[in-house]
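Written below as structure tokens is the structure these notes are about.
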Amino acid sequence: MDDKQKLLVIIGPTAVGKTKLSIELAKRFNGEIISGDSMQIYRGMDIGTAKITCDEMEGISHHLIDIKDPDENFSVAEFQLLVRAKIKEIADRGKLPIIAGGTGLYIQSVIYDYKFADVPGDEKFRRQLEEKADRIGAEALYKELEKLDPKGAAVVHPNNVRRVIRALEIFHLTGRTMQEFQSTQQSDPLYQTAIVGLIIEREKLYQRINSRVDLMMEKGLLQEVTMLYQKGLRNCQSIQAIGYKEIYDYLDGKISLPQAIENLKQNSRRYAKRQLTWFRNKMNVKWFNITDVNDYEKKIEEISHYVEGKLRIKSNTY
């Protein structure tokens with residue numbers, strides 16, 4: 001185990017407090033942070049993705065943020081290559097690589113030996129599904145996936161047409177669900193990994209999510225999305241992100257702004273639930289409940305001791 005590269009991973013549902021913890025642990029363990037969020041890679045999509053600001057970084061180096069334009073695609077396979085390269089680069093500097101984020105499949109693809117070249121493809125079938133999505137809507141396609149693979153559908157957003165199509169394509173070719181196909185590729189982790197998961201009481205989490213959406217609107221989420229809308233961006237992977245699709249529906253005149261905001265809150269809460277389902281079923285996580293804010297410092301110490309023991313490293317004294 002000791003000959004493997006050490007890696008710290010911080011996961012949890014949206015709005016739980018991963019950013020704050022990642023900064024604290026990066027200070028304690030001389031680390032650099034790699035974003036594990038599949039949407040923070042996009043430039044100009046700052047408010048809706050709750051992207052960390054320069055001030056919030058507190059001097060800690062961050063990676064895989066603002067590396068793509070919103071009209072570019074980004075795959076799990078590309079994420080895997082980029083993150084593994086960053087892990088080596090950070091380790092070569094004598095620092096601890098820390099992945100912080102909430103996109104389960106992306107993080108899982110880094111830790112385990114997923115070989116995406118082995119995943120089959122059928123371009124003709126994929127085009128048929130894309131045309132079907134345009135004709136009858138993404139929701140109908142998502143319902144097809146729910147019938148074939150309820151567990152897989154539970155961790156995919158209905159608006160993420162690309163992921164839905166990919167799951168249907170793999171089932172079409174192999175007769176297996178995406179999860180069944182992936183399970184045949186998993187083995188021991190490639191890294192000596194400590195996975196820290198944050199949780200809080202559900203009602204408090206939902207309150208945080210709702211408050212975060214209100215704050216996003218105050219900060220100018222509508223203006224941010226309107227700029228993308230006016231550039232003619234549509235049918236892009238980036239625009240399927242929660243916080244953008246809902247505002248697009250408003251700008252298209254389909255719903256009112258209050259309804260768009262309510263949809264955003266509801267979709268964020270559902271996403272948080274799907275994130276927890278994924279992490280609990282797919283990864284070996286050590287969970288820490290941080291509901292009690294008065295106990296936060298004590299909880300930080302508890303998490304630090306866990307990381308020290310799991311990775312066999314010592315924290316800095318400062």
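What follows is calculated from the coordinates using simple rules that are stated; it is not laboratory data. Keep in mind that this is a model prediction, so the values were computed, not measured. For neighbour counting, all protein chains shown are included, and Cβ atoms are generated from backbone atoms with ideal geometry for every residue, glycine included.
Odds and ends about this structure:
- Fluctuation leader among 131, 24, 180 - the chain, Gaussian network, Cα springs under 10 angstrom: 131
- Fewest-first ranking of 171, 79, using other Cβ atoms within 10 Å as the exposure measure: 171, 79
- Helix 18-28 axis, angle to the chain major axis (alpha carbon atoms, nearest 10°): 30 degrees
- Seen from residue 87, the other residues with C-beta closer than 13 Å to its C-beta sum to a net charge of +4, counting Lys and Arg as +1 and Asp and Glu as -1.
- Net charge contributed by nearby residues that have their C-beta within less than 12 Å of residue 179 (K/R +1, D/E -1): +1
- Proxy reagent accessibility, fewest Cβ within 10 Å first, across 67, 290: 67, 290
- Neighbour counts of C-beta atoms inside 10 Å place 283, 178 in the sequence 283, 178, starting with the fewest.
- Rounded Å value of the spacing that divides the Cα centres of region 185-218 and region 7-48: 10 Å
- Between helix 76-92 and the chain: long-axis angle, C-alpha atoms, 0 to 90°, nearest 10: 20 degrees
- If you wrap the tightest convex hull around every Cα atom of the chain and split its volume per residue, you get 136 Å³.
- Dipole check for region 118-182: with +1 at the C-beta of Lys and Arg, -1 at the C-beta of Asp and Glu, and the Cα centre as origin, the magnitude is about 80 Debye.
- Crossing angle, helix 257-282 versus the chain [Cα axis fit, 0-90 degrees, rounded to tens]: 50 degrees
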